[in-house]
1. Residues in the range 15-33: is at least one assigned to a loop (DSSP other than H, G, I, E, B), within 17 Å of the chain's Cα centre (by Cα) and more than 28 Å from residue 265 (Cα to Cα)?
2. Tally up the residues in the range 76-98 that are buried (at least 18 other Cβ atoms within 10 Å of the Cβ) and outside any loop (DSSP other than H, G, I, E, B), please.
3. When you go through 256, 246 one by one, which is the residue that is outside any strand (DSSP E or B), at pLDDT 60 or above, over 30 Å from residue 114 (Cα atoms) and among the hydrophobic types (A, V, I, L, M, F, W, C)?
4. Starting from residues that are closer than 13 Å to residue 74 by Cα and surrounded by fewer than 16 Cβ atoms within 10 Å (Cβ to Cβ), keep the ones in the range 133-159 and report whichever is nearest to the chain's Cα centre (by Cα).
5. Could you check how many residues of the range 160-178 are under 19 Å from residue 101 (Cβ atoms) and either exposed (fewer than 15 other Cβ atoms within 10 Å of the Cβ) or among the basic types (Lys, Arg) (or both)?
6. Quick check: is even one residue across the range 324-331 surrounded by 10 or more Cβ atoms within 10 Å (Cβ to Cβ), modelled with pLDDT of 90 or more and of a type in the set (Gly, Ala, Ser)?
7. Evaluate the following for residue 58: is it under 16 Å from residue 160 (Cα atoms), touching a residue at least 12 places away in the same chain (Cβ under 8 Å), assigned to a loop (DSSP other than H, G, I, E, B) and not acidic (Asp, Glu)?
8. Kindly indicate whether any position in the range 28-44 is farther than 18 Å from residue 179 by Cα, in contact (Cβ under 8 Å) with a residue 24 or more places away in the chain and in the same structural domain as residue 171 (by TED's automatic domain parsing).
Amino acid sequence: MNLNEDLIKQFIQETGCDVKIADMLLKFTGGDYDGAKRIIKAVPKDIFAFKAKFATQILGYYGAIFFCYDEKENKIKRLISAVSNEKEIGKIDISSNWRDFEKEVYSYVSDKVIDGLKIEQLNKSVIEKEFIKKTAKILGIGKTVDEELLNNLLVNELYNVFPDTNIAVKLNVDKTDVFELNIGQEGSEPEAEVEKTADTESIRNGTESKLDGVRIEKSLIVLKVEPVLSPVHGVEIKELEFGDEIQVRITDERDIADYLSELLGAKVDNIRVPVFTKIVEVKELEGGNAAVLTQFGPGIMGMFKVLTDARVASGIETEPERKESALKGLKEINPLFVAGGIVMVFILFLFLIFLSR
């Protein structure tokens, strides 16, 4: 289907995805603009937007720092900080939305007198592997954000930059996703500031959008599904490879799962029915189990766990099925053709005897 370029452009502006994802999702939903947006909005919030202000009691420094920690990529993104001797920086509100906080910090850096050396030292300490490793232990999907641990982590980093005996910190953490993070990012001033204040290639890579098709398709929505078991004619899970088709039922109870079930034909009269999905990966686990990742469409994945020797309904024809198919074919041959063949062979036999005399 041909999509209007203006529609794709509008979708990109409103969601933050790239052209490829916008085109794929709009085609996947049959041009259902609102449905495509629902898919984007259902993407897990696995990016943590960190907002903090601090003050060194003896040296008289005041500062603010903003960065995003991407759990999937284990990277620091969108880093910007401000350090000054002026108390005015304390007016920046950490309770505001992360995007507003980021803009306030950038605005301060652009308009006020700042300490560039301290900013550079602070930014470098935040993008160090050790800081990221410690951050990863505190922030994560399913974990309760422990602000006390985060406070201690930041204070320890600040002590390395500011040799002060008393540093006060206030912080707050928001959650966002890769698409929301990208809205308005291209050519944005905050990103430009990151490149100006941090001179390492890693932070530049961290602020860039790397939305290649494969990675994005694996990180949009993962639905809970269960395989359709077929003990006799099914294929063992451990025998399946990338691209093989199997039948599953979508068991996910979220609203977005209901929408996708209808879109995929996996729901008839309010009843979830089996539907084919393609294998992406089969990973063997301990205890004879396997974790299976499948794909329904661009970015729409399914996941389940099952025994590795479990047989599931598949699009692959098994050996028993081939034998049964052959026998069935023989049974379906018309008896008159069989009888006629026998008579012809008998007549041919008599003819040969006659010629041999």
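1. The answer is yes; a qualifying residue exists.
2. 11
3. The match here is 256.
4. The qualifying residue nearest to the chain's Cα centre (by Cα) is 141.
5. 3
6. Scanning the range 324-331, I find no residue that is surrounded by 10 or more Cβ atoms within 10 Å (Cβ to Cβ), modelled with pLDDT of 90 or more and of a type in the set (Gly, Ala, Ser), so the answer is no.
7. yes
8. no
The values are calculated or read from the model by the stated rules, or taken from the named source; none is laboratory data. Fair warning: this is a prediction, and the values are worked out from it, not measured in the lab. As a convention, Cβ positions derive from the backbone with ideal geometry for all residues, glycine included, and neighbour counts pool all protein chains shown.
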